1. Of the listed peptides 273-282, 141-150, what is their order by residue-averaged count of other C-beta atoms within 10 Å, with the highest listed first?
2. For the chain, report the % of Cα-Cα distances exceeding 36 Å.
3. So what is the relative contact order of the stretch 50-295, in percent, for Cα pairs below 8 Å that sit 6 or more residues apart?
4. Specify whether the C-alpha gyration tensor of the stretch 177-318 places it in the rounded, prolate or oblate class, a ≥ b ≥ c being the square roots of the eigenvalues: rounded for a/c under 1.5, otherwise prolate if a/b is larger than b/c and oblate if not.
5. So, by mean Cβ neighbours within 10 angstrom, what's the order for 231-240, 191-200 with the highest one leading?
6. Using the crude model of +1 on Lys and Arg Cβ and -1 on Asp and Glu Cβ, and no other charge, please compute the dipole size for the chain relative to its Cα centre, in debye to 20.
7. Just how far, in whole angstrom, is the stretch 372-397 from the stretch 208-283 if you go by their alpha carbon centroids?
8. Pull up the DSSP beta bridges for the stretch 50-295 and report the antiparallel fraction as a percent, rounded to 5.
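Just so it is clear, none of the values below were taken in a lab; they were calculated from the coordinates. Bear in mind the structure is a predicted one, so any value in this text is a computation, not a measurement. Don't worry about glycine lacking a Cβ; one is built from the backbone with ideal geometry, like all the others, and counts go over all protein chains shown.
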Amino acid sequence: MARFNENFLELKESYLFSEVAKRVSTFKEKHPERSVIRLGIGDVTLPLGKAVVEAMHRAADEMGKAETFRGYGPEQGYDFLRKAIAGHYRSFGVELDIDEIFVSDGAKSDTGNITDLFGRDNTVLIPDPVYPVYVDTNTMNSRNIVYINGTAENDFLPMPDRSIHADIIYICSPNNPTGACYNRAQLREWVDYALENDAVILFDSAYESFVSDSSLPHSIYEIEGAESCAVEFCSLSKTAGFTGTRCGYTIVPKAITSVSADGREMSLNKMWNRRQCTKFNGVPYVIQRAAEAVFSEEGKEEAKAMTDAYMQNARIISDTMERLGIRYTGGINSPYIWFECPFGMNSWDFFDFLLEKAGVVGTPGAGFGSNGDNWFRLTAFNSKENTVEAMERFRSLLKKD
């Protein structure tokens, strides 16, 4: 009999967003007449920009002609897109070799797949609350996970504890789910801690395009020394509406090295390249041409208009929290608003209460870790009209004008 990976028994029975979808589906079956506004899962609602769609059409036409048809592309991504991504990093002062840029189908995949490169005996440092993929993928490999607490008292931005040794460190900034964003001095501390511990930081910057405060970093590579200890993951899902189109990129610097038990030097960049060549056939040409268009002048304007629209929704939600006197973070440099559940409720009870009484869907903080038990996440990714309506229902539910 084939023996299954018993580490899967350590996972929660249902992935967080699957459980949310199940509860919403059950509610709609019982109340088909009720209008439901979804501010839960971080899926976008605005369509792809004109420049992106036109680029996709041109690429599709190329695929229909023998002289311009393309089959398998490079697993690392086409050079035209990697050069465009390098140009994007250059805009905030970071120089990258295109061989350090790997195009993927999204940050979610790569933050999980990167664990292939690390031995199971590594200690993994993960903040709580946290995006569930970080925890689940390491649980699947039976790694030792140490949690650091993100709380209202530290603005959900936990800092290094020198008494703890870690080999792998997960950081997400701007953060999902809390919307909190590390400043340069705070990231400086994390880079120093990683270098002291010979650790690797796995830095999720999927929401960097929402950073509007010029004093805050868009990339961990804006911190000197990070190129020796940090892998960075980014995505066009929220930046340019690619949640269904699927394209992201991972930066694996050549400077990150280690030594094997028998004394051989190992390059993380070369290892990731080898892993991708074995397990990944690359992002489709049509999608990569669409992604390239995101970094054109027209594409950047359209992407900014998109993020501006979502941030307007974020302000509508955060203004509601202000008016109701509810403690919250996010909504400034992030499309997420993370708030304390009213009435002292736990987050799953509040989820059911909000859905049943107001027809509004959010995400229970407990799904992101124990420190989220009494907190709740709303996203800014619906339409302005729906966001306004959802907040009107929210205020009515809490009996505040």
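1. Details: 273-282: 14.9, 141-150: 16.6.
Top to bottom by mean Cβ count within 10 Å: 141-150, 273-282.
2. I get 26 percent for the Cα pairs in the chain exceeding 36 Å.
3. Working: 431 pairs, mean separation 65.4, N = 246.
Contact order relative to length: 27 percent.
4. Cα axes put the stretch 177-318 in the oblate bin.
5. On the way: 231-240: 26.0, 191-200: 18.7.
Result, highest mean Cβ count within 10 Å first: 231-240, 191-200.
6. Values: 42 positive and 57 negative charges, 211 e Å.
In total the dipole reaches around 1020 debye.
7. If you average the Cα positions of each part, the centres end up 33 Å apart.
8. Numbers: 11 of 28 bridges.
Antiparallel bridges: around 40 percent, rounded to the nearest 5.
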